[in-house]
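**Q** I am attaching a structure below and will ask some questions about it afterwards.
The values are calculated or read from the model by the stated rules, or taken from the named source; none is laboratory data. The structure presented is a predicted model; accordingly, all values stated were derived computationally and were not measured. Cβ placement follows ideal geometry from the backbone for every residue including glycine, while neighbour counts extend to all protein chains displayed.
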Amino acid sequence: MHNQISACVMTYNEEGNIRRCLESLTWCDEIVILDSFSTDRTVEICLEFTRNVHQHEWLGYIGQRNLIRTMANHDWVLFLDADEVVSPELHAALEAQFDKLIERYVGFAFPRLVFYLGRWIRHGSWYPDYNLRLFRKEKGRSGGAEPHDTVFIDGPTMHIRHPILHYTYNDITDHVNTMNRFSSISAQSMHDRGRRFHWVDLLFRPAWSFFKGFVLRLGFIDGWRGFLIATVNAFGVAMKYAKLREIRWIEKHSEPSCSAEEDGLNPDS
């Protein structure tokens with residue numbers, strides 16, 4: 001490839017994943033790291049691969065993506081998470097076709113293939129899960145709703161079938177904890193955008209999430225892992241809407257009220 005690419009990776013306490021990620025990016029012309037003040041060996045490991053390591057307080061997924069994009073020195077940027085890897089097949093395809101494809105396209109989306117509990121997951125809501133990750137810097141910007149940022153592109157894009165490999169959860173506990181954390185972020189984001197709670201969301205959306213992932217998108221082919229993924233995803237959806245209701249309940253009950261004692265009319269005085 002003659003057109004230069006800046007690989008952009010955000011990190012926070014990723015010493016268990018970051019080496020594998022960066023080893024898959026050594027073919028890029030530049031690696032840029034934006035770290036949120038890790039307390040483990042993440043920065044130390046990153047410095048083995050690049051001197052272009054920056055630290056900044058966490059701005060959210062969208063804010064952090066937009067910040068790291070401005071730190072890239074080349075026209076093309078490749079977003080990768082610390083627990084992801086560019087597969088050898090994807091690397092080979094880009095090496096062979098990139099210079100020709102950019103005559104027509106300004107962005108490229110790749111599927112993510114998740115490694116979960118010892119197996120690659122090829123069905124359900126997790127696959128193919130195309131994400132636009134490689135794009136011309138001045139043509140794209142991150143947006144959407146936390147915690148799931150989306151790159152919006154001004155121009156034509158292309159899907160490439162070779163995957164990014166995603167080593168997403170260490171175990172079931174890690175999976176459930178992440179869904180719990182993400183549901184809090186999503187609920188707050190919905191609230192901030194003025195989204196109101198409706199019982200129908202809490203009653204039906206979790207069931208629909210499970211049915212869509214396990215049945216319609218063939219998650220059952222992945223066996224007990226597919227069932228578990230669909231179940232935890234449904235839990236995450238339920239928690240998101242329950243927490244949206246909780247936020248409003250807390251706001252309502254924290255509003256100041258006028259009491260006799262507060263008005264200086266304490267009946268015991």
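**Q** Among the residues in segment 144-165, are any surrounded by fewer than 18 Cβ atoms within 10 Å (Cβ to Cβ), outside the structural domain of G63 (by TED's automatic domain parsing) and in a loop (DSSP other than H, G, I, E, B)?
**A** No, segment 144-165 contains no residue that is surrounded by fewer than 18 Cβ atoms within 10 Å (Cβ to Cβ), outside the structural domain of G63 (by TED's automatic domain parsing) and in a loop (DSSP other than H, G, I, E, B).
**Q** Something else about it: List the number of the failed condition for E57; all other conditions in (1) part of a helix (DSSP H, G or I); (2) over 16 Å from the mean Cα position of the chain (by Cα); (3) not aliphatic (A, V, I, L, M) hold.
**A** Going through the list (1) part of a helix (DSSP H, G or I); (2) over 16 Å from the mean Cα position of the chain (by Cα); (3) not aliphatic (A, V, I, L, M), E57 breaks only (1).
**Q** For segment 112-130, which positions are not in a strand (DSSP E or B) and not basic (K, R)?
**A** L117, G118, H123, G124, S125, W126, Y127, P128, D129, Y130
**Q** Related question: So the check is Cβ under 7 Å with 6+ separation or different chains; which pairs have a first residue in segment 142-153 that's of a type in the set (F, W, Y) and a second one that's part of a strand (DSSP E or B)?
**A** Close Cβ pairs (under 7 Å, with a partner that is part of a strand (DSSP E or B)) amount to F152/G140; F152/R141; F152/G143.
**Q** While we're here: So which residues in segment 142-171 are touching a helix residue (DSSP H, G or I) at 6+ places or on another chain (Cβ under 7 Å) and over 23 Å from C21 (Cβ atoms)?
**A** Result: G143, A145, I153, D154, G155, M158.
**Q** Would you mind telling me which numbered condition in (1) part of a loop (DSSP other than H, G, I, E, B); (2) farther than 26 Å from D171 by Cβ T70 fails?
**A** (1)
**Q** Of D154, D129, which residue is of a type in the set (D, E), within 15 Å of F110 (Cα to Cα) and touching a strand residue (DSSP E or B) at 6+ places or on another chain (Cβ under 9 Å)?
**A** Residue meeting the stated conditions: D129.
**Q** A further question follows. Any idea which of (1) acidic (D, E); (2) within 19 Å of the chain's Cα centre (by Cα); (3) farther than 24 Å from R141 by Cα is the one D83 doesn't satisfy?
**A** In the conditions (1) acidic (D, E); (2) within 19 Å of the chain's Cα centre (by Cα); (3) farther than 24 Å from R141 by Cα, D83 misses (3) alone.
**Q** Within segment 20-34, take every residue that is free of Cβ contacts under 8 Å to residues at least 60 places away in the same chain and buried (at least 21 other Cβ atoms within 10 Å of the Cβ) and give me the one that is nearest to D83 (Cα to Cα).
**A** L22
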